[in-house]
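Down below is the structure, laid out as structure tokens.
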Amino acid sequence: QVQLVESGGGLVQPGGSLRLSCAASGIISSIYVMGWYRQASGKQREWVAAITSGGSTNYADSVKGRFAISRDNAKKTVYLQMNSLQPEDTAVYYCNFNQHADAYWGQGTQVTVSS
């Protein structure tokens, strides 16, 4: 079992930045994929970014060049640095952890981009 705790959401003006964190605890394999999804009000949850245990990263086209995902293996934490935020980035952001075909989700953290 893996537990995920997210932090770092909040209110930011357009063009601003936020950094989300997701700390994992429990039984963690050496091979895993961690990522972020988001769900705007009235819309389906969409994938944002992912990072493998080997350090490979991938991004949705909508955030490429603005968001950066990284990890600290020692702290079992993944980060999402979000720059040049726009109102359309407003959503609840969810941390996702995958290992051995099992998927785990965090509780979500609200990100609101508004002037």
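The values are calculated or read from the model by the stated rules, or taken from the named source; none is laboratory data. Note that the structure is predicted; figures quoted are calculated from it, not measured. Note that each Cβ is placed from the backbone with ideal geometry, even for glycine, and that neighbours are counted across all protein chains shown. Keep in mind that these areas ignore ligands, DNA and RNA; they rest on the heavy atoms of the full protein, side chains included. Shrake-Rupley method; radii C 1.70, N 1.55, O 1.52, S 1.80 Å.
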Determine, yes or no, whether residue 49 is within 18 Å of residue 19 (Cα to Cα), in contact with an Asp or Glu (Cβ under 8 Å, 6 or more places away or on another chain) and free of Cβ contacts under 8 Å to residues at least 60 places away in the same chain. no
Restricting the search to the range 34-56, which residues are under 15 Å from residue 82 (Cα atoms) and open to solvent by 70 Å² or more (accessible area, probe 1.4 Å)? 47
Is at least one residue of the range 66-74 hydrophobic (A, V, I, L, M, F, W, C) and modelled with pLDDT under 95? yes
Can you pull out every residue in the range 1-33 that is open to solvent by less than 50 Å² (accessible area, probe 1.4 Å), of a type in the set (Ser, Thr, Tyr), in contact (Cβ under 8 Å) with a residue 60 or more places away in the chain and not in a loop (DSSP other than H, G, I, E, B)? none
Out of the residues in the range 64-81 meeting the condition of being closer than 14 Å to residue 50 by Cα and among the hydrophobic types (A, V, I, L, M, F, W, C), tell me which one is surrounded by the fewest Cβ atoms within 10 Å (Cβ to Cβ). 68
